[in-house]
Amino acid sequence: MLKAYGADVKLQDAMGSPRDRYDITTNKMPLNPQRAIAELKELHALTSDENGAQRVAWTDTWIKARDWFRTKWQDLPVEQHYDAAGNNYITLKGESEKALLLGSHLDSVPNGGWLDGSLGMLAGLEILRRFTEEYNGRPPITIRLVDWADEEGARFGRSLLGSSAFAGTHSIAADRVRTDRDGARLEDALRRCGVEIDRFPEAERERQNAAAYLELHIEQGPVLERLHLPLAVVLGTKGVERHAVTFHGQEAHSGSTPMNVRRDALAAAAKLALEIRPIAKKYSDAVSTMGSLKTFPGIVTAVVGRCETTLDQRDLDASVLAAMNQEARDASLRFAQEEGCTVEWSRIWSIEPVPFHPTLVQFCQKAIEETAGTSHSLPSGPLHDAAEVSRAGIPSVMMFVQSLGGISHNKIEDTREEHLAFAITALDKLATKTAQWIV
Ligand SMILES: [Zn+2]
């Protein structure tokens, strides 16, 4: 039997009041980025194999990572509990109940890297330690560190599972019957970890008193490295329009059908695949991807009668996203007509852009300038838990640190150690500014 997530396991029940067992004279813990980096390496050694990190949510290795994390805050005067969705909260109570939330995720994709998610957790812990020392275990406001459950959605295909429960934006009624590659159901995998899906809405209680949310993450892209900058403030997460676009033509024999009478569905799709690029390039941060293309009948001797493609478009500005989508639709109709085909669109999924809080964006910019001299701002293409927290109406912001080669979700994912140290220091400055703002 694994640990009972969802049950109100409170450390203080077993160990007395957290403050009673805390002694500031013996627990010196100023901010120490090098300690966080060493702990990141320790976690990686414990939970990776020759192919990379294996901390996939709801697996034994993930539980092992969480058990290891538990050993890291035993000396702090904090309270810990799991909420009804398996999110892990570590709370340093302050004079005020108003809380600053610092968060990230310990789970990884299969064969993942050593920094995605875990950097935010270990940096957050370092800041918890610093607040503990500076305020003798009782800061002016409450500081909470949260490890979101199943950010990656690697096993069941549902990302941001824990943070969507917090935000009340979850789709658990539809998600509960999802299965993994071996046919195991999401519902059963969660129950094995003590999480009952019917109690998911109770996770929204954690929003009480949450005044701001900060998240540090690796960039997972090449922009900062190309600019030779260590850090950036994230302006928000891009909205996504994801569609299936299918062209219908006429299957015909490849030998007997003259070129001028063909209704080639692939030809129309191929034109669209190229056209989405100049459409996206008109807007500075927009991206557009045709990630999948299937032809039918898909044999060497037949003109393609049906071509199924997928389109994924993203931008931080909702009006840009809408315009880009309309331009792609218009182009697809035009190409279908040129090739004697028809085209049909159906939405797979979409999410609106989530801009972060302007005051926190400013604080983050300042914190980066004070730490690294120059700041940069950019939107995030990938989604993050911070988007869910922000959608719940809690002022939020993220900070990115450079990724070497822009590579992530891979064992070669890496960031220079001096940049990691910058990131932890800048996040600490941001936390200080935010805490003063909350008071
Ligand atoms: Zn991540």
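Structural remarks
- Total residues in the stretch 134-153, condition of a type in the set (Phe, Trp, Tyr) and within 16 Å of the ligand (Cβ to nearest atom): 1
- Residue within the stretch 317-339 that is crowded, with 18+ Cβ neighbours inside 10 Å, under 30 Å from residue 427 (Cβ atoms), in the same structural domain as residue 282 (by TED's automatic domain parsing) and in contact with a strand residue (DSSP E or B) (Cβ under 6 Å, 6 or more places away or on another chain) present: yes
- Top-ranked residue in the stretch 97-121 [being buried (at least 24 other Cβ atoms within 10 Å of the Cβ) and among the charged types (D, E, K, R); ranked as nearest to the ligand (Cβ to nearest atom)]: 116
- Odd one out for residue 171 among (1) within 30 Å of residue 319 (Cα to Cα); (2) surrounded by fewer than 16 Cβ atoms within 10 Å (Cβ to Cβ); (3) modelled with pLDDT of 95 or more: (3)
- Qualifying residue in the stretch 122-133 (condition: more than 11 Å from the ligand (Cβ to nearest atom) and not in a helix (DSSP H, G or I)): no
- In the stretch 369-403, the residues that are in a helix (DSSP H, G or I) and surrounded by fewer than 16 Cβ atoms within 10 Å (Cβ to Cβ): 369, 370
- Here the stretch 41-65 is the region considered, the condition is being of a type in the set (Lys, Arg) and surrounded by fewer than 19 Cβ atoms within 10 Å (Cβ to Cβ), and the residue that is nearest to residue 411 (Cα to Cα) is 41.
- Checking residue 345 against (1) in a strand (DSSP E or B); (2) on the phi > 0 side of the Ramachandran plot, the condition it does not meet: (2)
- Reported count of residues in the stretch 380-400, each being away from the ligand (no atom under 12 Å from the Cβ) and under 10 Å from residue 219 (Cα atoms), is 2.
- Across the stretch 53-68, the number of residues qualifying as in contact with a Cys (Cβ under 8 Å, 6 or more places away or on another chain) and part of a loop (DSSP other than H, G, I, E, B) comes to 1.
- Number of the condition not met by residue 234 [criteria: (1) modelled with pLDDT of 95 or more; (2) more than 16 Å from the ligand (Cβ to nearest atom)]: (2)
- Residue list for the stretch 300-309, filter: part of a loop (DSSP other than H, G, I, E, B) and either among the β-branched types (Val, Ile, Thr) or free of Cβ contacts under 8 Å to residues at least 24 places away in the same chain (or both): 300, 301, 304
- Of the residues making up the stretch 74-86, not a single one is within 16 Å of the ligand (Cβ to nearest atom), under 17 Å from residue 146 (Cβ atoms), crowded, with 24+ Cβ neighbours inside 10 Å and under 18 Å from the mean Cα position of the chain (by Cα).
- Taken over the stretch 199-220, the criterion of being within 15 Å of the ligand (Cβ to nearest atom) and among the charged types (D, E, K, R) is satisfied by 215, 219.
- Of the residues making up the stretch 401-439, those that are more than 14 Å from the ligand (Cβ to nearest atom), β-branched (Val, Ile, Thr) and at pLDDT 95 or above are 412, 424, 425, 432, 434, 438.
The values are calculated or read from the model by the stated rules, or taken from the named source; none is laboratory data. Just so we're clear, the structure is a prediction, and the values are computed from it rather than from any experiment. Note that we place each Cβ from the backbone using ideal geometry, even for glycine, and neighbour counts take in every protein chain shown.
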